[in-house]
């Protein structure tokens, strides 16, 4: 019987495999646009379902037919813009924060007495800056403390500043940034699985019982010279709870959450009361985890219209 061959489990491109610093990711790369607009958003993973769509790809064998696609439902409550941050030469230059902050947010920011908005804006004109980022916080329904993060703005620095002043103290909706058919990148912290052995972590071969005292361990840790263990040697360690980014996820629909809630609500989440985003495919992380979204930095060259005919409202166990 021929030997079974398969691709290696555990990509070397994700080293070092260690826990993320926080439970929601940071976004460091953004697209460049001439229009001054927010380049990202964030939502909470509610669950998964399946949809029936018309295949609009002219090169597909199933062109014009009904096909089934897995989809992820993201709960996307509005984001509140409470300030903006100006950068000069990749270093923090100045923060402008709105005076009206809720109690939970001010406690998390750990700021003392905030200056009046007029004073902050007058000091801003005396400084140099290259980029402007929005300071936003989420408004989750299932917990009190919001998440705080930055969202980049498109356009030149002057346009970014004017747009940031316009959005200060307002709320951003998912429909104001993305639309149906857009390709986006999603980032999240994956489901944590704690310390695991090399078999589950890298998929190494299990040794036969008489080969050694242990079967689920690495047979050789490396060569004799030099006398060290390389960092790429499969060994036990942290598995999961790591920041991962998936590219080119297509938006199937932006709709009211009441139209996608399954019978009895999403398992371990409940019902989506506000705006909901239906993404084709899966996204990293468990339920109730924050998913960062941005415009695709390497978008697909082919864009096909989305024609959804059916959204399953049956409760999905184990997704």
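Only one of the numbered conditions (1) part of a loop (DSSP other than H, G, I, E, B); (2) in the same structural domain as residue 312 (by TED's automatic domain parsing); (3) free of Cβ contacts under 8 Å to residues at least 60 places away in the same chain; (4) in contact with a strand residue (DSSP E or B) (Cβ under 7 Å, 6 or more places away or on another chain) is violated by residue 21, and that is (4).
In region 120-140, which residues are outside any strand (DSSP E or B) and under 19 Å from the mean Cα position of the chain (by Cα)? Can you show your working first?
Residues of region 120-140 that are outside any strand (DSSP E or B), as a first pass: 120-130, 138-140.
Listed by number, the residues that qualify are 138, 139, 140.
Being out of contact with any helix residue (DSSP H, G or I) (no Cβ under 9 Å at 6 or more places or on another chain) and at positive phi: is that true of residue 257 here? So residue 257 fails the test.
The numbered conditions (1) at pLDDT 90 or above; (2) over 22 Å from the mean Cα position of the chain (by Cα); (3) under 17 Å from residue 167 (Cβ atoms) are all true for residue 98 except (1).
For every residue, the table says whether it meets (1) part of a helix (DSSP H, G or I); (2) exposed (fewer than 12 other Cβ atoms within 10 Å of the Cβ).
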{"residue": "108", "(1), (2)": "yes, no"}
{"residue": "118", "(1), (2)": "yes, yes"}
{"residue": "146", "(1), (2)": "no, no"}
{"residue": "155", "(1), (2)": "no, no"}
{"residue": "188", "(1), (2)": "no, no"}
{"residue": "200", "(1), (2)": "yes, no"}
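Evaluation of residue 149 against the conditions (1) without any contact (Cβ under 8 Å) to a residue 24 or more places away in the chain; (2) touching a strand residue (DSSP E or B) at 6+ places or on another chain (Cβ under 9 Å) shows that the sole unmet condition is (1).
In the set 122, 80, which member is out of contact with any strand residue (DSSP E or B) (no Cβ under 8 Å at 6 or more places or on another chain) and farther than 30 Å from residue 309 by Cβ? Working first, answer last.
Details: 80 fails: out of contact with any strand residue (DSSP E or B) (no Cβ under 8 Å at 6 or more places or on another chain).
Just one listed residue meets the conditions, 122.
Being more than 26 Å from residue 25 (Cα to Cα) and either exposed (fewer than 15 other Cβ atoms within 10 Å of the Cβ) or in contact with a strand residue (DSSP E or B) (Cβ under 8 Å, 6 or more places away or on another chain) (or both) is true for just one of 300, 273, 282, 220. Which residue is that? Spell out the reasoning first.
Numbers: 300 fails: more than 26 Å from residue 25 (Cα to Cα); 273 fails: more than 26 Å from residue 25 (Cα to Cα); 282 fails: more than 26 Å from residue 25 (Cα to Cα).
Selected residue: 220, the only one of 300, 273, 282, 220 that is more than 26 Å from residue 25 (Cα to Cα) and either exposed (fewer than 15 other Cβ atoms within 10 Å of the Cβ) or in contact with a strand residue (DSSP E or B) (Cβ under 8 Å, 6 or more places away or on another chain) (or both).
For residue 50, the conditions (1) over 22 Å from residue 140 (Cα atoms); (2) modelled with pLDDT of 90 or more; (3) not in a strand (DSSP E or B) all hold with the exception of (3).
The values are calculated or read from the model by the stated rules, or taken from the named source; none is laboratory data. Note that the structure is a prediction, hence the values are computed from the model and not measured. We place every Cβ from the backbone using ideal geometry, glycine too, and count neighbours over all the protein chains shown.
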